[in-house]
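First up is the structure itself, then whatever we jot down about it.
The values are calculated or read from the model by the stated rules, or taken from the named source; none is laboratory data. All values derive from a computational prediction rather than experimental measurement. No Cβ is skipped: glycine too gets one built from the backbone with ideal geometry, and neighbour counts run over all protein chains shown. Side chains are part of the model used for accessible areas, which takes the heavy atoms of the whole protein and leaves out ligands, DNA and RNA. Shrake-Rupley method; radii C 1.70, N 1.55, O 1.52, S 1.80 Å.
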Amino acid sequence: MADDPRTGKAAARALPFLEQGEQLRCAAEFHVAPGVPEPPFWMVREVYPQLAPATKAGTVMAAGGYAQDVLVGNVIGRGLHGRGMAGGWRSTAGRLRIHVVANAGDLVVTDRRVLVLQPRLALKGLKPTDEMVPCWETERAEITGVRPRPKGVLQRGRLDVHFRDGSWIGLVMRSPAHREPMAAALGGGEGEA
């Protein structure tokens, strides 16, 4: 049985990052939905300079890997799973994707903010541990809607989060049972957005 999204493991990991007087609404483990493109390596490097290739050859290899993902991985992913994101890399959804280098973490919703926590070592490019640190946040008011069961996708725990700037991103809750509580905490329901 899945943890309760208000009292489970993700909620316990989120508590140290709450501001004074802030109330936790929901916390759950998630991963980026299939069909969400990989961010350009140079934009990830802006956020996480420690992940930068050490040599020019490493930079060329990273560029080649990004090109392969764009040309092959994204086409296959979108073909099988539909679109996973809308908006450019400078949009709210794009910035969220750039910050989630581990492709997974804890999605935390409070009465004021939405945060993403990732394993500390994942931010250094090493093997992840259970120690979590915030990697992205936005004001709760930036979310304009949530679609907890987007049409045409097969992931049972998926929800699409829509932002004020018109962008959106697909996230998949590790436990499908957390999808509805997370959608409610984010302020969305079936068909919103």
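Brief remarks follow.
- In order along region 105-119, the phi-based Karplus estimate (6.51 cos²θ - 1.76 cosθ + 1.60, θ = phi - 60°) of 3J(HN,Hα) comes to x, 10, 9, 10, 10, 10, 6, 10, 9, 10, 10, 10, 10, 10, x Hz; Gly and Pro are listed as x.
- Environment charge of Gly21, counting only residues whose C-beta is closer than 10 Å and scoring Lys/Arg +1, Asp/Glu -1: -2
- FRET efficiency, Glu19 to Arg149 (Cβ-Cβ, R0 35 Å, nearest 0.05): 0.65
- Each residue, Arg45 and Glu131, gets one label point 7 Å from its Cα in the Cβ direction; the gap between the two is 2.8 nm.
- With DNA, RNA and ligands ignored, accessible area of His99 (1.4 Å probe; Å², nearest 10): 30
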